[in-house]
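Here's the structure we're looking at; comments come further down.
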Amino acid sequence: MTKLQLYFLIMFAIMGSCKKKEQDQILPKENPSGDYLIKDVEGGWVIVKSITMMDTVFTISCGIKASPNNNQVNIKNQINKMDTAFREIGRIHDMMSSHNQVGDVYKINSGAGKINISIDTWTVLNVSNTISEKSKGAFDVTWAILRPLYKIKKPGWKPPDPIVLADTLKKGGFHKLKLTRNGGDYFVEKPENLKIDLGGIAKGFSLGTAGKMLKSDFLTGFIINGGGDLLVHGSRPDRPWTVGVRHPRSKQGKLYLKGRINNAAIVTSGDYERYVIIDGKRYSHILDPRTGKPAGGCISTTVIGKDPTVADALATALMVTGLHEGKKLMSEFPDYAWMVFTSDEKEFRSANFLNIFSINTN
């Protein structure tokens, strides 16, 4: 699921001449990894790197506090941790991509019966089934059976025939996925024609696993941006991280809200990145797995909470449920805040939204 609605703003405060003189001696003359940006800010440094994975750009920014000694070593160590985090994102991508022939998802889609999978894929599927149950099928990784019918970017594409769509839907259903485990072995059982796609949840999971690789004694905080899905921890050395939420119909990407969150993920799903308009109707890449038709309840949904895997899945589910059914779903997750734009471009928020998202007024 591509979601570029969220933008975080990294604003670097250039330090005074006293600290600058010190850092001329601390920072490497050449970047250790050749592609990291190291900026000096009050109280330390911010290290930034971006790479493209999962068909989107991932950016990791880490704040490092200054210390009486070992600053250069600390910076190099944090860069090593960032390299490890990027490798972890790549590992999750390879494992959960439907196109990687040695990955779990490819193995699941190509097989039938009881299939041995990794603990990571099993964990993601377990969370998926929970959200599927609570959303009454609005979130369902078996939506992949609909993909051949919705190649919306193919020239001349037309909406699927209702009879073909109905026959296809009979093959799907999250309830057909059976998860089991035996000691350290993890399994999923499924019928032959059932397909899955983890695009609506895998990116959130990768944020969480990557974040675990970044912790250190000299770290003040980090922010991982996966195509607009963010995981925020701590702060920069000089001030909090700043994140923004874009209006889904803003052509210039103008921010609708700008503010701060702490130790949480903020994930947005929308119908504005991948879509086609036919006879005045918008067909987006987000489908209602229950009807096989494009989700139409909301044009954008944002979820904030501790677990990026859960937040990712909930943001997708809200796109399908719409506002009223979505309220019932989110009542099952009281620690998560949400904001949605309905099809008439009206904005609604949960009662706890401003408790988690601190809006900047300047």
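Assess whether Val127 counts as being in contact with a Phe, Trp or Tyr (Cβ under 9 Å, 6 or more places away or on another chain), closer than 21 Å to Phe333 by Cβ, crowded, with 17+ Cβ neighbours inside 10 Å and hydrophobic (A, V, I, L, M, F, W, C). Walk me through how you get there before you give the answer.
Numbers: in contact with a Phe, Trp or Tyr (Cβ under 9 Å, 6 or more places away or on another chain): yes; closer than 21 Å to Phe333 by Cβ: yes; crowded, with 17+ Cβ neighbours inside 10 Å: yes; hydrophobic (A, V, I, L, M, F, W, C): yes.
Criteria met by Val127.
Checked against (1) of a type in the set (Gly, Ala, Ser); (2) under 15 Å from Asn193 (Cβ atoms); (3) surrounded by fewer than 18 Cβ atoms within 10 Å (Cβ to Cβ), Gly156 passes all but a single condition, namely (2). For the criterion of being within 19 Å of Gly296 (Cα to Cα), in a helix (DSSP H, G or I) and in contact (Cβ under 8 Å) with a residue 60 or more places away in the chain, Trp122 fails. For segment 37-83, residues that are surrounded by 14 or more Cβ atoms within 10 Å (Cβ to Cβ), of a type in the set (Ser, Thr, Tyr) and farther than 18 Å from Ser235 by Cα total 2. Annotation note: of Gly137, Gly103, the sole residue that is crowded, with 17+ Cβ neighbours inside 10 Å, without any contact (Cβ under 8 Å) to a residue 24 or more places away in the chain and under 23 Å from the mean Cα position of the chain (by Cα) is Gly103. Only one of the listed residues (Phe205, Phe222) is of a type outside the set (A, V, I, L, M), under 27 Å from Phe333 (Cα atoms) and touching a His at 6+ places or on another chain (Cβ under 8 Å). That residue is Phe222.
Residues that are closer than 10 Å to Val320 by Cβ and surrounded by 19 or more Cβ atoms within 10 Å (Cβ to Cβ) within segment 281-295 comprise Ile286, Leu287, Asp288, Pro289, Pro294, Ala295, listed in sequence order. Listed conditions (1) more than 25 Å from Thr316 (Cα to Cα); (2) modelled with pLDDT of 95 or more; (3) in contact with a helix residue (DSSP H, G or I) (Cβ under 6 Å, 6 or more places away or on another chain) are all met by Lys114, apart from (3).
In segment 181-221, what residues are among the hydroxyl-bearing types (Ser, Thr, Tyr) and either modelled with pLDDT under 95 or over 19 Å from Met95 (Cβ atoms) (or both)? So that I can check it myself, show each step before the final result.
Of the residues in segment 181-221, the ones among the hydroxyl-bearing types (Ser, Thr, Tyr) are 186, 206, 209, 216, 220.
Once the filter is applied, which keeps residues that are among the hydroxyl-bearing types (Ser, Thr, Tyr) and either modelled with pLDDT under 95 or over 19 Å from Met95 (Cβ atoms) (or both), segment 181-221 yields Ser216, Thr220.
In segment 184-196, is there at least one residue being under 19 Å from the mean Cα position of the chain (by Cα) and surrounded by 15 or more Cβ atoms within 10 Å (Cβ to Cβ)? Yes, segment 184-196 contains at least one residue that is under 19 Å from the mean Cα position of the chain (by Cα) and surrounded by 15 or more Cβ atoms within 10 Å (Cβ to Cβ). Tally time: how many residues in segment 84-93 are within 24 Å of Arg147 (Cβ to Cβ) and either in contact with a helix residue (DSSP H, G or I) (Cβ under 7 Å, 6 or more places away or on another chain) or buried (at least 17 other Cβ atoms within 10 Å of the Cβ) (or both)? The total comes to 3.
Can you find a residue that is in contact with a Lys or Arg (Cβ under 7 Å, 6 or more places away or on another chain) and farther than 13 Å from Val267 by Cα anywhere in segment 231-239?
Step one: of segment 231-239, the residues in contact with a Lys or Arg (Cβ under 7 Å, 6 or more places away or on another chain) are 237.
Still in the running and farther than 13 Å from Val267 by Cα: 237.
Checked against the condition, which is being in contact with a Lys or Arg (Cβ under 7 Å, 6 or more places away or on another chain) and farther than 13 Å from Val267 by Cα, segment 231-239 yields at least one hit.
The values are calculated or read from the model by the stated rules, or taken from the named source; none is laboratory data. All of these numbers come straight from a predicted model, not from anything done at the bench. Every residue, glycine as well, gets a Cβ built from its backbone with ideal geometry; the counts of neighbours run over all protein chains shown.
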